[in-house]
1. I need the full set of residues from region A:324-353 which are out of contact with any Leu (no Cβ under 7 Å at 6 or more places or on another chain) and within 13 Å of chain C (Cβ to nearest Cβ), in order please.
2. C:Ile42 is checked against (1) within 12 Å of chain A (Cβ to nearest Cβ); (2) within 16 Å of the chain's Cα centre (by Cα); (3) open to solvent by 30 Å² or more (accessible area, probe 1.4 Å); (4) not hydroxyl-bearing (Ser, Thr, Tyr) and fails just one. What number does that condition carry?
3. Looking at region A:192-225 only, could you name the residues that are under 25 Å from the mean Cα position of the chain (by Cα), over 16 Å from C:Val282 (Cβ atoms) and open to solvent by 50 Å² or more (accessible area, probe 1.4 Å)?
4. Among the candidates B:Leu180, B:Leu142, B:Leu166, which residue alone is more than 9 Å from chain A (Cβ to nearest Cβ), in contact (Cβ under 8 Å) with a residue 24 or more places away in the chain, open to solvent by less than 10 Å² (accessible area, probe 1.4 Å) and in contact with a Phe, Trp or Tyr (Cβ under 9 Å, 6 or more places away or on another chain)?
5. From the list B:Asn9, B:Asn39, which residue is open to solvent by 10 Å² or more (accessible area, probe 1.4 Å) and away from ligand 1 (no atom under 11 Å from the Cβ)?
6. What is the number of the single condition among (1) crowded, with 24+ Cβ neighbours inside 10 Å; (2) facing chain A (nearest Cβ under 10 Å); (3) under 18 Å from the mean Cα position of the chain (by Cα); (4) away from ligand 2 (no atom under 16 Å from the Cβ) that B:Arg88 does not meet?
7. Output the residues belonging to region C:223-241 that are farther than 19 Å from C:Leu126 by Cα, open to solvent by less than 20 Å² (accessible area, probe 1.4 Å) and either basic (Lys, Arg) or more than 12 Å from every other protein chain (Cβ to nearest Cβ) (or both).
8. For residues in region C:129-172 being in contact with a strand residue (DSSP E or B) (Cβ under 8 Å, 6 or more places away or on another chain) and open to solvent by less than 30 Å² (accessible area, probe 1.4 Å), which is modelled with the highest pLDDT?
Amino acid sequence: MTPLKHILRSIMISIWFMFLTFPLMVVYINPLNYTVTWRWKNMIMVGIGTFFASFFWRRFQNRTVGNNDKPSLGQKTLNHIYTSPEISRMLLGVLILFTLSFPFIFSTYQTNVFTTALMYVVLGLGLNIVVGLAGLLDLGYVAFYAVGAYSYALLNHHFGVGFWVALPLGALVAAFFGILLGIPVLRLRGDYLAIVTLGFGEIIRLILENWDKVFFGPSGISNISRPAFFGVELVEKSIPHAIKYMYYLVLLLVLFTIFFVNRLKNSRIGRAWIALREDEIACQAMGINKMRTKLTAFALGATWAGMVGVIFAAKTTFINPASFTFMESAIILSIVVLGGMGSIPGVILGAFFLVLLPEYFRTLGDYRMLAFGASMVIMMVFRPQGLISHIRTKYNFNAKEPLA
Amino acid sequence: MNVILDVKNLTMDFGGVRALNRLDLDIRAGEIVALIGPNGAGKTTFFNCITGIYNPTGGDILVTPPQKKTVRVNGVKPHIVTRMGLARTFQNIRLFQNMTVLENIMIGRHCRTQSEILGALIRGPKTRAEEEHIVHYSYALLKKIGLERQVNEFAKNLPYGDQRRLEIARAMATDPFLLLLDEPAAGLNPQETTDLVDLIHKIRTEDKISILLIEHDMKLVMTLSDRIFVMDYGKKIAQGTPGEIRNNPVVIKAYLGEDSDA
Amino acid sequence: MDNLQVELQYFLELFLGGLTKGSIYALIALGYTMVYGIIELINFAHGEIYMIGAFTALIIATVLNIMGVNHAALVLLLSAGGAVVYASAYGYTVEKIAYSPLRNAPRLSPLISAIGMSIFLQNYVLLAQTSNFLPFPKLIPEFEFLEPISHIMGSSEFTIICTTSVIMVLLTILIKFTKIGKAMRATAQDKSMALLLGINVNHVISFTFIIGSALAAVGGVLIGSQMGQINFYIGFIAGIKAFTAAVLGGIGSIPGAVLGGLVLGWTESFGTGYISSDYEDVFAFTLLVLILIFKPSGILGRNTSQKV
Ligand SMILES: Nc1ncnc2c1ncn2[C@@H]1O[C@H](COP(=O)(O)OP(=O)(O)O)[C@@H](O)[C@H]1O
Ligand SMILES: [Mg+2]
C-alpha cells in the first residue's frame, strides 16, 4: 500500500469509529433531570486516537504475519539470561535480597500492596498449571479461591480453628471440589469447559450470597484470626508486625510454588500436560490417560487457589462474596495470558503488572478493566505467547554435537 | 506363526454412512502387512477402530500381545490399547508441534514410566533414574531415525519428511509389538521414501515389531509387504501376496474405476 | 374450587412469564448459535452487543423525548432501528478486530480474545455512560387486545411474544430461501468446500455477526422496555443465559436455540415461582452445567464424532 492509501484507509477507519462511538461517548443523558450533554470533545479524541491506532494495528499485523516464531530482541536477551548461569544467578541474588528486605525498606502500606501482588503471583501460577500447561480454560478459578477462603472463615468462626490447621484443610477442600467438578466436566471440549467452569463459579458465588444461614450472605464473615506466629497470637496493636509476617508467609508460598511448578514443568506429568494441550488425540494414542492427566492439573490448580483463599481470609480478616466475582477470575486469567501461558517468569511479571500498575496509578483504576479486556484481545492477535513466552528445556548430549 | 491381531466382521457406521462393512483382517507376528484401497475406502477408520479412537458398531477386534492372553479391544480407551502394545501414526501428522523433537519422543515413554506429582516435587533417586532413562532412551531412538541433531528443535520447525519419521519414532517409544502406520510415505520425496523403506525393514528385523501400513505408493507396498489387504467402500475386496494382488482383476478394476490418485 | 382457580391462574402467569423471557433468550441465543455454527466460536461478547443495543435505544429515545418528539410509534421505530443499526455495526467491528485475525489460531485464542472483548465493551459502556441503572422509557405502549389473554399478560409481554415469533419466521425464510442464507448453511457445513464453491466465507461470517447482533438488539430493546431499567452489566448475565439456551437446544441449530430459550425461560419462571426467587440465576447456571455434563449435544443437536 502506498502511504496515501494508508492515510486514506486510516481516515475511513477513524470515521467509522466516530460513528460507532457516537451515541455512547458523545451523548450523555442525565436521567434525573432529563438533560443531555453533548461531549463533542470525545468524538474528536476517538477520531484522532483510532486514526493512529489503525496505523499501528496494520503495522504490527504485517509484522506478526510470517515471522511469528522469530524471537524478539527482548526474548533473545531473556534466553541469554536463562542460559547463562552467572547472569541468572546474579539477577536472582539481587531479586531475593530485594524481596527479603522489602518490608524493612518500605512502608506498611507498600508491604501490604506487595503482599497482594505476591498472592496474585501464586494464583497466577496455580491457574497457569491448568490453563498454561494443560490447556484447560478454567473461567471459574475464583470458585476454588472462595472455597479456600470460606473454609477457613467458617472453621475459624465456629470452631476457632487456627490458620495453620486451616491452610492444608482449605487446600484439601478446594482440591476435593476441583475433583468433584472435574470428573464430569473435563470430558467436555475446550470451549464448553470454559463455560461450565464459569457457570460453576457463578453458582458458588450465588450460593454464598443467598444461603445466609450458612454463609452469612452478602455481609460476609468478619473477625477472622490472623495467622499465629509459632503458636503466639499476634495481638491487634501489632498489625504492622502481622503485615510483615503475612508478607514473608506469602513470599514463602511464592517461592515454594515457583519451585514446584518448575519441577512439574520438566517432569513426566508436566510434559503430559503440555502434550495434552497440543493434541489430545495424539496424546491418548501415546498411552496417556486423558481424564486422569487433566484431573490432576485441574485439582492441583484448585489446591493452590484454595491455599491462597485461606491466606486471603487471614490477611483481610474479613471476606464476603463480592471478592469472588467472575471479574476476579478474569483478572487471574489475564495475568496468565498477558504474562505468557506456561511461562513462570511471564506469570510473575503479569501479576505485578496487573496488580501494581492500577494500585500506583490510581487514576488508572477506572480504566483497569478496560485495559485488561483490550490487552487480552491485543495479546491474542499480536502476541499469543504472552510477554515472556515459555521456553522448553534444552538437553545437551555430548560436546561433539553442538546444539544450534 | 501366531496371529497377533485378528479382526472379524468389523463394522463401523457414521449416521447413515457405513465406513466399514464386515471387514476381516489378521496379522501374524513378524509380518509387514499393507492395507490399500482408494481414498475414502475406510482405511483410516479401520485404524481408528483398532486403536480405540472410535467404538466400532459391530464385530470383534482380538489382540494377542506376546506371551499374553487374547483380549477383545472393541471400545477400549485409546491409551489402554497403546499400553497393550499397539502404536500408531496419523495420516495428517499429529505431532506435539510446540514441543521439542526430544520431548515428543519422551511423551511416547509416558506409558512405560511411573513417576507422579509427588515424585516430580521431591525428585528422589527413583524419579531421577526414571527421568534419565526417558531422556536416554528417547535420544537413542532419535539416533536410530537420524534426527539426533534436531533434539531441541520444535517439532513444527522440522521438514515434512522428518516430521513423518519423528512420528514413527514417537510411536516406537511406547514399546509396541504392532505398529500401525497411516500413509507414512505421503508427501515424501523419492530419497525419503527409500529411507523410510529401510527404516521399516529395520524396525521389523531389529526391534521385532510387526507392521500394518496404509499406503498409496504401490512400489513401496509391493516391495515391503508380506501380505496385502485391499478395501473398497468399507469392504475387503481382496487379500494375498504382492504377486497375487498385482494380477487380481477385482483390484485392478477398483483402482481403475477411481480416477483420483490411487 | 376457588383455590384451584387461583392455582391455575398462578400457573398460567408463570407459564406466560417464562414464555416472554424465553423468547428474549431465544433472540439472543440465535446469535450464539449462528456464529458457533459457522466459526465454532463462543462469541463471549455477544451479551455486550445486546447491552449496547439496549443502551443505544435508551439514548435515542431519551434524546427524542427531550427534543419534544412524543409520537410513540415514531420513537419506538427510531430507537429500535438505531439500536439494530448500531448493534450490527458493533458486531461487525468486533468480529473484524478480535476474531478474524485469529482464524487459524489455536482454539483457545479466539475464545480468550472474545472474553477480553466482552470485558472491554462492558467497561467501555461503564466509563462512557454510568455504572448506575438507568431508567428505560416505556417504548411499547399499552394497548387493548384480546379479552381473555389480557387478563394474564400485559401488552408488553404480548408484543414481545409476537415480535419474536415474527422474527423467527423471517429468519427461517432468510436462511432457507435466500442466496446468503444458503451460503451460510454451506459455510456451516464445510468451510473449505464453501470456499471451493466460490462462496466468500469472510462475507458470510460478517453477515452472520450482523444478523446475530441485530437480533440481540431487538432483544435488548424489548427487555429494556419491559424491565424499565438497564445498566452496563445486563449483557453478561443475559449472555450466559442465552448461551445456556443455545446449548440446551443444541448449539448450531436454529430451532434448537428457540426451543432452548423457551425451556430455559420456563425453568426460571417455574423455579422462581414454585421454589425460591433468591435462586433465579442459580437455576439457569445449574441447568447449563447439567446439560453440558449429561447431553452436551443438546436437545436438537446432532452427535458428531471428531474426524481423525
Ligand atoms: N468421524 C467421522 N464422521 C463421519 N464420517 C466419517 C468419520 N470418519 C470417517 N468418515 C467417513 O468414512 C469414510 C471412510 O473414510 P476414511 O477412513 O478416512 O478413508 P480412507 O482413510 O480410506 O481414505 C469416508 O466416507 C468418511 O467421510
Ligand atoms: Mg485415510
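The values are calculated or read from the model by the stated rules, or taken from the named source; none is laboratory data. Please read these numbers as outputs of a predicted model, since none were measured by experiment. Heads up, the Cβs are rebuilt from the backbone with ideal geometry, glycines too, and the neighbour counts pull from every protein chain shown. Remember, those area values only see protein heavy atoms, side chains included, never the ligands or the DNA or RNA. Shrake-Rupley method; radii C 1.70, N 1.55, O 1.52, S 1.80 Å.
1. A:Thr325, A:Met327, A:Glu328, A:Ala330, A:Val337, A:Met341, listed by residue number.
2. (3)
3. Answer for region A:192-225, where residues must be under 25 Å from the mean Cα position of the chain (by Cα), over 16 Å from C:Val282 (Cβ atoms) and open to solvent by 50 Å² or more (accessible area, probe 1.4 Å): there is none.
4. Matching residue, one of B:Leu180, B:Leu142, B:Leu166: B:Leu180.
5. Selected residue: B:Asn9, the only one of B:Asn9, B:Asn39 that is open to solvent by 10 Å² or more (accessible area, probe 1.4 Å) and away from ligand 1 (no atom under 11 Å from the Cβ).
6. (4)
7. C:Ser225, C:Lys241
8. In this case the residue turns out to be C:Gln129.
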